[in-house]
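Since the structure comes first, as structure tokens, the remarks are kept for the end.
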Amino acid sequence: MGHDEHSKHSGHSGHGPGHKFPVEHMARLESPERLSLLPVDAVVALAGVRAGARVLDVGCGPGIFTIPFARAVGSAGRVYAADILPEMIAACRSRAEAAGLRNIETALSTENAVPFPAACADLVFACQLLHELHDPTLFFAEMRRVLAAEGRLVVVQDSEFESAVSAGDVVHVR
């Protein structure tokens, strides 16, 4: 999808492109309603993560996917977790420590720059963040930089789902 076409479809609950998730609503990311619509374990399984893999969870939030990815890659693998909000990084770190996982590296990032080496990830994972991008072209260029040569990009994005979560309502997503 081109930049102009993406911009037409990137609204978030009535907000235009670039609207960032409000950190004061962090608890909504883990609400039973949201998790019933977003089967974390199934998404991780469908992403095809294997033991020893290197995963970048970009826009990791409080670590809802980071922790299952870390378990999936095992002690021989690595999960890089990046977010633009320090509160999200702190929550992700706390969750990793509570789970006793030592294969997670968290870092504060900007929208278009993650502080990890080039080609560091076999899989780049982005969940429900495309609608928050100011410049998708720059974002995807950065994801290409950190993705290994034979790596994969997995994006989970559903405007109906995100609208329901933002509004606090539950909808059935087909």
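The values are calculated or read from the model by the stated rules, or taken from the named source; none is laboratory data. Predicted, not measured: the structure shown is a model, and the values here were computed from it. Cβ placement follows ideal geometry from the backbone for every residue including glycine, while neighbour counts extend to all protein chains displayed.
The table for this structure:
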quantity	calculated
Tally of residues being of a type in the set (A, V, I, L, M, F, W, C), in contact with a strand residue (DSSP E or B) (Cβ under 9 Å, 6 or more places away or on another chain) and crowded, with 21+ Cβ neighbours inside 10 Å across segment 127-138	3
Subset of segment 108-134 (residues that are acidic (Asp, Glu) and at pLDDT below 95)	111, 132
Members of segment 102-158 found to be part of a helix (DSSP H, G or I), within 19 Å of residue 49 (Cβ to Cβ) and out of contact with any Phe, Trp or Tyr (no Cβ under 7 Å at 6 or more places or on another chain), listed by number	143
Residue pairs meeting the criteria (Cβ under 9 Å; at least 6 apart or on separate chains; first without any contact (Cβ under 8 Å) to a residue 60 or more places away in the chain and exposed (fewer than 15 other Cβ atoms within 10 Å of the Cβ), in segment 145-159; second part of a strand (DSSP E or B) and of a type in the set (Val, Ile, Thr))	155/124
Cross-chain or 6+ apart pairs with Cβ under 8 Å, segment 80-91 first and closer than 10 Å to residue 108 by Cβ and part of a helix (DSSP H, G or I), then acidic (Asp, Glu) and modelled with pLDDT of 95 or more	89/83
Counted residues, segment 43-68 - those being under 25 Å from residue 133 (Cα atoms) and either in a loop (DSSP other than H, G, I, E, B) or at pLDDT below 95 (or both)	11
